[in-house]
Structure formats: structure tokens, C-alpha cells
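Enquirer: The structure that follows is given in the form of C-alpha cells.
The values are calculated or read from the model by the stated rules, or taken from the named source; none is laboratory data. Please read all numbers here as calculations on a predicted model, not as lab measurements. When we count neighbours, we look across all protein chains shown, and the Cβ atoms used for this are built from the backbone with ideal geometry, even at glycine.
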């Protein structure tokens, strides 16, 4: 059975009203989500900036730590102490210390007492009889 045109028109108006309401609801959701996305993008930008500042501060702290270690241990060559973290700097310091000790052990000279050696007389075993007599007479 066919519906009356007025009934069809009324049904179409109801469907149109429902579609408009749904469209408005979706538009509100979209606006809310766009606002949330904008807020999240701003928060992400702030966090990126804070993270960059933290990285800069960390690099400065590691650099300062390296400088203090090198000042406290001047025997370590600065070129051997490199790294981007405290752990890397500590490991490099230990390796540099080992290298310095190795070099010292292989280039060490025997200890020589300071000053002149004690003076002793000539060795009588190396003298002839005439030299011994002369030496004995000179000692009087």
C-alpha cells in the first residue's frame, strides 16, 4: 500500500531533522577533537622544548664533570677522556689511567739518587806497587 504524500513528506522531514541533529553532533565532536588535538600539539611542543633544555643541561653537566676530573687528575691526557654520559666519562677515565700506568711502566728509568755519588779513594786492587806507595805517602 502506498503512503499518502503528506505522510511521506512528514517522514522525510523527520529523517532530515535527524540527519541535521546527527550532523550537528558530529560537528561538535569534530570541533572538540580538533581543540584536543591542538592542545596536545601545544603540549608536545612544550615537552619537546623542555626535553631539549634537559639535554642541553645534561651535556653541560657531563662536560663540567669531565673538566673537574681532568683538573683533579692532570696526568690523564684530555684526548683520552671522552664521552657523552657520566658512565662513558668514568669508563674513559679508567681506560686513560690504565694507559698512563702502562706507559709509565714501560718508560720508567731506574731511580737515581739526587746529588753526587759519595767520594771514595782509588781502588788499591787496581794500583801498581809504586802507585800504592805514592798514594800511602800522600795520605800522611
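Enquirer: Kindly establish whether residue 137 is surrounded by 10 or more Cβ atoms within 10 Å (Cβ to Cβ) and modelled with pLDDT under 95.
Expert: Spelling it out, it is not the case that residue 137 is surrounded by 10 or more Cβ atoms within 10 Å (Cβ to Cβ) and modelled with pLDDT under 95.
Enquirer: While we're looking at this one, here's another question. Looking at the range 1-32 only, could you name the residues that are in a helix (DSSP H, G or I), at pLDDT below 90 and either exposed (fewer than 10 other Cβ atoms within 10 Å of the Cβ) or within 60 Å of the chain's Cα centre (by Cα) (or both)?
Expert: Once the filter is applied, which keeps residues that are in a helix (DSSP H, G or I), at pLDDT below 90 and either exposed (fewer than 10 other Cβ atoms within 10 Å of the Cβ) or within 60 Å of the chain's Cα centre (by Cα) (or both), the range 1-32 yields 5, 6.
Enquirer: Being touching a helix residue (DSSP H, G or I) at 6+ places or on another chain (Cβ under 8 Å) and surrounded by fewer than 12 Cβ atoms within 10 Å (Cβ to Cβ) is the filter here; which residues of the range 62-77 pass it?
Expert: Within the range 62-77, just 75 meets the criteria.
Enquirer: Now a separate question. Please specify each residue of the range 96-113 satisfying the condition of being assigned to a helix (DSSP H, G or I) and loosely packed, with under 14 Cβ neighbours inside 10 Å.
Expert: Across the range 96-113, the qualifying residues are 98, 99, 101, 102, 103, 104, 105, 106, 107.
Enquirer: So the check is Cβ under 6 Å with 6+ separation or different chains; which pairs have a first residue in the range 49-65 that's farther than 17 Å from residue 88 by Cα and a second one that's part of a helix (DSSP H, G or I) and modelled with pLDDT of 95 or more?
Expert: That search, which allows pairs on different chains as well, returns nothing.
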